[in-house]
Structures are given as structure tokens and as C-alpha cells.
Amino acid sequence: MIFTLVVHASPVQHQAPETALRFARAVLEAGHTLHRVFFYRDGVLNGNTLVSSPADESNIPEDWQALAKEYPLDLVVCIAAAIRRGVLDANEARRYDKNQHNLAPGFELSGLGQLVEAAMLSDRVITFGGRG
Amino acid sequence: MSRSLHTLNTPPSDTDTLSHCLMALSEGDELLLIEDAVYFTLPAHRHKLPSGVPIHALAVDLQARGLTNATDISIISDPEFVNLTLHCNRVVSWF
């Protein structure tokens, strides 16, 4: 079966991204297809490579990258939500005249069309959210 | 039959999210408690959940909160969570 996950919550404010990570791993280990993980709203902060955790705590952006090394993953960060929150790739940094960029390797910025396409192609779309 | 799996991740103190979830629950649907919603398994809150629908709770979230006495609730693993989403026709997330 084909799954798409949608992550709406910040990795430092909510447990939802951690649940999504565990669910993604369970999907892949069961032999299903994970078509895409789409990061929206504060979920775009999962793609911030500058997130730094104390040594004895997990680092969710790094955990996504580690999973993407084990399995081919399409980690898509909503571009409109990301630039507002200061998550930029090299292209957007140039476009907005910033001298730094911080989108983590393994993630890409793209539009909501990627969520629509994923919803059409997937058997299940599961949202992991948190408010505020 | 069209059957929805509802996931709820908010604690019992968030009465709004619970009431929206309960309004949407139909006969034949199933409810999965995740994250802070596993506190609904406590005796003080268990009666706030409907009796007519199957109720599940994620084992790791119960364990992380020291909740080991959940009765009449099916306790499921992450792989079983995946299977449950396939057993139902769609998933609705309440957060």
C-alpha cells in the first residue's frame, strides 16, 4: 500500500513529528511504500538543519535525515510556510536577499501541489498535527 | 462499509478537541488515542469516551507516561497502528 504523511507541528513544541517518524519507520519496515512526507505550517521546522539538541536528547531533523539514508524518502517542505519561518534553501536565500540558508540536506522546498499529487496517488494520507 | 479511524492526540483538559472528535465519530468508526490523549485511559477520564466504538491506545505513549492499567482498551504497537489505518477506509486526525 502507498502512504503519505503530513506533519503540521514543530519538532520542539509537539510530539507529533516523533510519532510521524515512528509511523514512517513502521510503514517502511512492513514493506509498504512511503510516497512522500509533506511538512506544513510549523512542521517546516523539521527541515531546519540548525536545530541543535543536547547530546542526550533526540534531534528530530537529524532523525528524518537518518531515515532518508536508510530508505529513499521524499521529504517535501512547504515553500510558502518555510520562508515565513526562516527555513530557506540556497535559491530562496538568493531570492530574498539573505546571506545564509538552512534547509537540511535530504529535504526539498516545494508547493502545495506536491501534497495534492501525493493525496491522489496514496492509499492513505495520515496527518500528524499539533496546535499553537 | 465506509469506516474511519479517528486519531486523537490532545489531553483530557482540551475539551474542545474531544467534543469535535466525538461529534464526528460514527457507528463503525474506531478511535485511536495517541500522545497526550492516552491520559483518557485513566479511570477519571475513561467515561468521557463513547462505549459503542472500538478504542485503541498506542503502547509507547502509555509506557512513556507510566499508564499501565488501561482496561477494555486495545493497546497497540506502531506496526499495528499502520495495520489499523489499512483496516479502516480513511484516517481523520484530531489535534
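Scanning region A:1-30 for residues that are under 14 Å from A:G47 (Cα atoms) and of a type in the set (D, E, K, R) yields one hit, A:E18. Of A:A20, A:A24, A:A9, all but one fail to be of a type in the set (A, V, I, L, M), within 12 Å of another protein chain (Cβ to nearest Cβ), assigned to a loop (DSSP other than H, G, I, E, B) and touching a strand residue (DSSP E or B) at 6+ places or on another chain (Cβ under 9 Å); the exception is A:A9.
Scanning region B:43-67 for residues that are in contact with a strand residue (DSSP E or B) (Cβ under 8 Å, 6 or more places away or on another chain) and of a type in the set (D, E, K, R) turns up just one, B:D61. B:Q63 meets all of the listed conditions (1) touching a helix residue (DSSP H, G or I) at 6+ places or on another chain (Cβ under 7 Å); (2) in a helix (DSSP H, G or I) but one, namely (1). Filtered by the rule that a residue be more than 16 Å from A:R131 (Cα to Cα), touching a Lys or Arg at 6+ places or on another chain (Cβ under 9 Å) and either assigned to a loop (DSSP other than H, G, I, E, B) or open to solvent by less than 20 Å² (accessible area, probe 1.4 Å) (or both), region B:1-45 gives B:S2, B:R3, B:S4, B:L5, B:S26, B:G28, B:D29, B:E30, B:V38, B:F40.
The set of residues in region B:13-42 being touching a strand residue (DSSP E or B) at 6+ places or on another chain (Cβ under 7 Å), of a type in the set (S, T, Y) and within 13 Å of B:D61 (Cα to Cα) consists of B:T41 alone. One residue alone among A:A26, A:A68, A:A80 is of a type outside the set (F, W, Y) and in contact with a helix residue (DSSP H, G or I) (Cβ under 6 Å, 6 or more places away or on another chain), and that residue is A:A26. A:G31 passes every criterion in (1) more than 7 Å from chain B (Cβ to nearest Cβ); (2) in contact with a helix residue (DSSP H, G or I) (Cβ under 8 Å, 6 or more places away or on another chain); (3) open to solvent by 20 Å² or more (accessible area, probe 1.4 Å); (4) not charged (D, E, K, R) apart from (2).
Of all the residues in region B:73-83, those that are touching a helix residue (DSSP H, G or I) at 6+ places or on another chain (Cβ under 8 Å) and either at the interface with chain A (Cβ under 9 Å from one of its Cβ atoms) or in a loop (DSSP other than H, G, I, E, B) (or both) number 6. Return yes or no: is B:H56 under 26 Å from A:L21 (Cβ atoms), open to solvent by less than 40 Å² (accessible area, probe 1.4 Å) and touching a residue at least 60 places away in the same chain (Cβ under 8 Å)? It is false that B:H56 is under 26 Å from A:L21 (Cβ atoms), open to solvent by less than 40 Å² (accessible area, probe 1.4 Å) and touching a residue at least 60 places away in the same chain (Cβ under 8 Å).
Results for (1) under 12 Å from the mean Cα position of the chain (by Cα); (2) among the acidic types (D, E); (3) within 11 Å of chain A (Cβ to nearest Cβ), shown as yes or no for each residue.
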site	(1), (2), (3)
B:T10	yes, no, yes
B:L33	yes, no, no
B:Y39	yes, no, no
B:L42	no, no, no
B:H56	yes, no, no
B:A64	no, no, yes
B:T71	no, no, no
B:T85	no, no, yes
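As a summary of the residue check, A:R22 satisfies the conditions (1) open to solvent by 80 Å² or more (accessible area, probe 1.4 Å); (2) out of contact with any His (no Cβ under 9 Å at 6 or more places or on another chain); (3) among the basic types (K, R) except for the one numbered (1).
Count of region A:94-132 residues, restricted to those that are within 14 Å of another protein chain (Cβ to nearest Cβ), out of contact with any strand residue (DSSP E or B) (no Cβ under 8 Å at 6 or more places or on another chain) and β-branched (V, I, T), is 0.
The values are calculated or read from the model by the stated rules, or taken from the named source; none is laboratory data. Treat the numbers as computed from the prediction; the structure is a model and nothing was measured. Positions of Cβ are generated from backbone atoms using ideal geometry, with glycine treated the same way; all protein chains shown enter the neighbour counts. Ligands, DNA and RNA are stripped out before the accessible areas are found, and what is left, the full protein with its side chains, is counted by its heavy atoms. Shrake-Rupley method; radii C 1.70, N 1.55, O 1.52, S 1.80 Å.
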